[in-house]
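Trainee: Structure below; questions to follow.
The values are calculated or read from the model by the stated rules, or taken from the named source; none is laboratory data. Treat the numbers as computed from the prediction; the structure is a model and nothing was measured. When we count neighbours, we look across all protein chains shown, and the Cβ atoms used for this are built from the backbone with ideal geometry, even at glycine. What goes into the accessible areas is simple: the full protein's heavy atoms, side chains included, and nothing from ligands, DNA or RNA. Shrake-Rupley method; radii C 1.70, N 1.55, O 1.52, S 1.80 Å.
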Amino acid sequence: MSSENATVSRRTFLEGSAAAAVGAAAGCVGQAEETNDVVSQSERSVIHGNCWICRASCGQEITVENGRAFDLTGVDGHPKASAGPDREGTLCSKGMAQLEKTYNPNRITQPHIREDGELRAASWDEAIEYAADKLEAFAEEHGPEKLLRYQGYPVAKHPWHDLLFKNLYGAPLKVGRKTTCHGPFSTSWEWMSGYGREWPDWQNSEYIIAWGRNMMECFRGQWEPKGVIDAKQNNDATVVAIDPRYTKTAQKADKWIPIEPRTDGALALAMGHVIIEEGLHDEEFVKEWTHGFDAYKEAVADKTPEWAAEITGIDADEIRKLAIGFAKAAPSAVAFPWTGLAYQANGFKNCQNVHALNGLVGNIDRPGGTRQWSSGFSLDDPHERRGIDVPANHEDKPSPDYDDYPFQKHGIRDVSHNLVPRTVERGDIKGLVTNWSSPPKSGNTREWLNALEEMELVIDVDAFWDGVSKRADVVFPGASQIEQPFLSTGGDSSYSTSGWVTASRPAIEPVGDCKPDYQLYKLLAEELGWGEYFPWENGDEYWDEQLEAIDMSFEELADQSYSIVTEVGYEQWKDGGFETENGLFNFDLDIKDEYAELAAEMDASTAPEWQPPDDGQYGETTDEEYPLLFTDVFVEQLNRGHDQAIERSVSAYQERYGLANQGYDGNFLHINPKDAGRRGIQSGDMVRVESADDSIELMAHVYEGARPGWVATVNSFGKGTSHPDDAGGNSMILNRERHVEPVTGMTARNHPVEVEKIGGGD
């Protein structure tokens, strides 16, 4: 199975990588502190933190010595970092890398402003005044509606970015994660059963289908892989991984099904056929709590396992076995897709077809099924508490009226990530403000880089130089996770029936001249004349007022890291129905007017159906000239962008595949030995990946864990990313505006390519 470790143990995966990262980070810090005096153990302190690298909010214990953090670990019992009460808390290697991110020599630690075409370091007073003047001039000349807000991290966890730029400044347009990460998945599930709360109850499941979902290394908190392991150990759960790549989840699974890429919807329909034919569906749930079952039943009537076998490459008997095993374990069973399907141009229907299986067997919000997570409580609005009436200056602003794509014509989305360059070209967007993100690596890279050059104003909050910060007019150095306060609430965690809240104060003073987010936005708001809306001295005070709703103080909560606040039962839909248009679980989406109109235009059904890639709206197909299908994937060692600037994170990634110390700091192209052999390619060779639009160059990793005919790499290397040397190949160089999923506007990340060797061994 090549150099990828096929027998990763529980301890190796959940703790070993973290321990290695601790040692790496401590080694890095130790080198920086070689001249420091030895400090006694008694002078050390342990401060709670939270990691928001994947929005999971895993609790951290940060050991600080002489004002410098040097050790990280997870908080025991933390709802996100542990498997539950009295269980050990751990962090993944991305979480552990926050130490090296904080003390990274490549980090931006001073504000920068553009003067005479060049970026230069500036004081905070100078940078804030400069940014405020630019924003005022921009609004006067173009109108605030032409400033685009681009969602990054940790914007999703605090309100201050939107308070300033949406409510006060009046910028209505935003590009969020639904067009760069999970749109087909989240939008289909939102319309079917109510999105925002749906996530598996892993630890209580008896049958888990990880469908393009690699939760053993790419997760929303350590509780996810730990929950899967608990399910296997405590429930004797069956785990099935459906993925063209032999992931770490596949390694832990009872069955790996290397499906033909982009045929997931056909497999799901065939499974539905078997479940209904065998009488294994939940008749009571279907009758009382769903809409559109007749349309669904008709859609799967002729979708036999034999039909699907021809499309998916999966044996018909295997399809029957999978369907029956899943249905018999229900409702303690879950079929859960993620980016593996969301990245597909036919991903909306594929996700709808998969989620229909969950409704069919009645596992919605039942133990071991797809939990409708809820915190069960709400926090106070500090502005309301103080009688501060926050304006809504973004309302009633004109927005671009395009009809180039179905999702635009029918009002599902104004602007998606890939279409931003066109809106810039048309003059409808002339500026950008973003926080901890790197848009060019998320699709249509070349046009995005050109668009950034054409924009009148770009304001970026970030830690490293990348395609945005290098082209920005103002760069504010944001504080890292361990340098600023944090608060989050939720339900999805190892505590299946509890709502929780977690918080942390800064563990150390920000490095250099970096500032926490609240201070940054407060300073800018005051300069713009909106200081009255930021009356709190810091984020701690703001959150302190929020927490009065549950009779806690921020200091109290930060001291203990987390608190379990409420009990939230299963089957919440029995009290008020589903959070959908009609209060029901919807097999058929004819109840969503915008989608019904879109489907009619595209000659598609609103019910589940098979939509194959067609060289049109649903994705491009391979041919003799471009016979391989290329996409990008996630690995545990790296996140969506920032870790590529961290030397040890990149080294850990390369060591995983046995290709460290090659004089190459980039990503790898994973390719099956059969495909590599035909092209004379060996691991360590440099290769060119060429599509009909463009090409990239990177190092090959020949790997039996890649399905024949399918090649992949890790995103966020190469041109326009945060890697200090632009090493490797940026997968989105191959991506163009047209590569979008037509219902949601999500960037479609599957491209027919050819691969050729350009250097390396003979």
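Trainee: Take Tyr402, project a point 7 Å from its Cα along the Cβ direction, then tell me which residues of segment 124-146 have their backbone nitrogen under 16 Å from it.
Mentor: Taking a point 7 Å out along Cα→Cβ of Tyr402, the residues of segment 124-146 whose backbone N falls under 16 Å are 146.
Trainee: Let's see if you can work this out: charge +1 on each Lys and Arg Cβ, -1 on each Asp and Glu Cβ, no other charges. What is the dipole magnitude of segment 64-105 about its Cα centre, in debye to the nearest 20?
Mentor: I would put it at about 220 debye.
Trainee: Which GluC sites (Glu not before Pro) from segment 377-442 combine a DSSP loop assignment with at most 12 other Cβ atoms within 10 Å?
Mentor: Glu395
Trainee: Quick one: Debye curve from the alpha-carbon atoms of segment 621-680 only, equal weights, vacuum; give me log10 I(q)/I(0) at q = 0.12, 0.15, 0.21, 0.23 Å⁻¹ to two decimals.
Mentor: These q points yield log10 I(q)/I(0) values of -0.40, -0.59, -0.92, -0.99.
Trainee: How much of Trp211 can a 1.4 Å solvent probe reach, expressed as accessible area in Å² and rounded to 10?
Mentor: 0 Å²
Trainee: Note down the magnitude of the dipole of segment 678-762 about its Cα centre, charges +1 on Lys and Arg C-beta and -1 on Asp and Glu C-beta and zero elsewhere, to the nearest 20 debye.
Mentor: Taking the Cα centre of segment 678-762 as origin, the dipole is about 220 debye.
Trainee: Averaging sequence separations of C-alpha pairs under 8 Å and six or more residues apart, then dividing by the length of segment 308-392, give the relative contact order as a whole percent.
Mentor: RCO, segment 308-392: 24 percent.
Trainee: Stretched out fully, how many nm does the piece from Thr497 to Glu425 gain, at 0.36 nm a residue minus the Cα gap?
Mentor: Using 0.36 nm per residue and subtracting the Cα-Cα distance, I get 20.9 nm.
Trainee: Right, something else. Just by accessible area at a 1.4 angstrom probe, what is the order of Ile429, Ile758 from largest to smallest?
Mentor: Ile758, Ile429
Trainee: Rank by packing, highest mean first: peptides 376-383, 491-498, with packing defined as the count of other Cβ atoms within 10 Å averaged across residues.
Mentor: 491-498, 376-383
Trainee: Counting only DSSP beta bridges with both residues in the chain, what percent are antiparallel, rounded to the nearest 5?
Mentor: Bridges in the chain are about 55 percent antiparallel.
Trainee: Go through segment 268-281 residue by residue and turn each phi into a ³J(HN,Hα) via Karplus (6.51, -1.76, 1.60, θ = phi - 60°); whole Hz please, and just put x for glycine and proline.
Mentor: Result, rounded to whole Hz: 4, 5, 5, 5, x, 4, 5, 4, 5, 4, 8, x, 9, 7.
Trainee: So, one more: Roughly how many debye, to the nearest 20, is the charge dipole of the chain about its Cα centre, given +1 on each Lys and Arg Cβ, -1 on each Asp and Glu Cβ, and no other charges?
Mentor: 1820 debye
Trainee: Another question, if that's okay. Over segment 617-762, with a single point scatterer placed on each C-alpha, what log10 of the ratio I(q)/I(0) does the Debye formula yield at q = 0.10, 0.11, 0.13, 0.14 1/Å?
Mentor: -0.32, -0.39, -0.54, -0.63
Trainee: Pairs of alpha-carbon atoms within less than 8 angstrom and 6+ residues apart define the contacts here; what relative contact order does segment 115-261 have, in percent?
Mentor: The value is 14 percent.
Trainee: Quick one: how many Å² of Lys328 are accessible to a 1.4 Å probe, rounded to 10?
Mentor: 150 Å²
Trainee: Counting only protein heavy atoms and a 1.4 Å probe, tell me what percentage of segment 712-762's accessible area is made up of carbon and sulfur.
Mentor: It is 44 percent, rounded to a whole number.
Trainee: Here's something else I'd like to know. Among the aspartates and glutamates, select those whose C-alpha is under 13 Å from the C-alpha of Lys255, and discard any that sit fewer than 8 residues away in the same chain.
Mentor: Partners within reach: Asp243, Glu318.
Trainee: Run through all the Cα pairs of segment 391-498 and give the fraction in each 10 Å bin from 0, expressed as whole percent.
Mentor: P(r) over segment 391-498, rounded to whole percents: 12, 32, 29, 21, 6, 0.
Trainee: Going Cα to Cα from Lys674, which lysines come in below 21 Å? Please leave out same-chain ones fewer than 8 positions away.
Mentor: Leaving aside lysines fewer than 8 places away in the same chain, those within reach of Lys674 are Lys757.
Trainee: Also, I was wondering about something else. May I ask you to give the percent of accessible area on segment 531-644 that is carbon plus sulfur, with a probe radius of 1.4 Å?
Mentor: That share works out to 39 percent.
Trainee: Looking at Gly279, Leu520, Ser493, which one has the Cα that reaches farthest to the positive end of the dipole of the chain (charges on Cβ: Lys, Arg +1; Asp, Glu -1)?
Mentor: Gly279
Trainee: Now a separate question. Taking a probe of 1.4 Å, how large is the accessible area per residue of the chain, in Å²?
Mentor: Per-residue value: 35 Å².
Trainee: While we're looking at this one, here's another question. Excluding same-chain residues fewer than 8 positions from Lys248, which aspartates and glutamates have a Cα within less than 17 Å of its Cα?
Mentor: Straight-distance partners of Lys248: Glu4, Glu15, Glu217, Glu224, Asp230, Asp632, Glu636, Glu655, Glu704.
Trainee: Still on this model: Would you mind pulling out the separation of the Cα centroids of segment 564-592 and segment 248-318, in Å?
Mentor: 23 Å
Trainee: Roughly what would the spin-label model give for Asp693 and Arg385, points 7 Å off Cα along C-beta, in nm?
Mentor: Simple spin-label model gives 4.8 nm for this pair.
Trainee: Now for a different question. Please identify the GluC sites (Glu not before Pro) of segment 589-675 that satisfy two criteria: DSSP loop assignment and at most 11 other Cβ atoms within 10 Å. Which are they?
Mentor: Listed in order of number, the matching sites are Glu624, Glu625.
Trainee: Percent of accessible area on segment 118-245 owned by carbon and sulfur, 1.4 Å probe?
Mentor: Answer for segment 118-245 is 39 percent, counting heavy atoms of protein chains only.
Trainee: Out of the GluC sites (Glu not before Pro) in segment 179-264, which ones are loop residues according to DSSP with at most 10 other C-beta atoms within 10 Å?
Mentor: For GluC sites (Glu not before Pro) across segment 179-264 that sit outside H, G, I, E and B with at most 10 neighbouring Cβ atoms in 10 Å, the list is empty.
Trainee: Also: With a cut-off of 8 Å between alpha carbons and a minimum separation of six or more residues, what is the relative contact order of segment 403-487 in percent?
Mentor: Result for segment 403-487 is 23 percent.
Trainee: Could you please state, rounded to a whole Å, how far the C-alpha centre of segment 356-431 is from the C-alpha centre of segment 109-126?
Mentor: 33 Å
Trainee: A follow-up question, please. Name the residue farthest towards the positive end of the dipole of the chain from the options Val458, Thr631, Tyr169, assuming +1 on Cβ of Lys and Arg, -1 on Cβ of Asp and Glu, about the Cα centre.
Mentor: Thr631
Trainee: If you build the Cα gyration tensor of the chain and take the root of 5 times each eigenvalue, what three semi-axes come out, in whole angstrom, biggest first?
Mentor: 38, 30, 29
Trainee: Also, quick follow-up: Over 31 Å between C-alpha atoms is what I'm after, so list which of Lys226/Lys515; Lys287/Lys349; Lys409/Lys430; Lys94/Lys174 land there.
Mentor: Lys226/Lys515
Trainee: How high is the FRET efficiency from Glu548 to Lys255, r the C-beta distance, R0 60 Å, rounded to 0.05?
Mentor: About 0.75, to the nearest 0.05.
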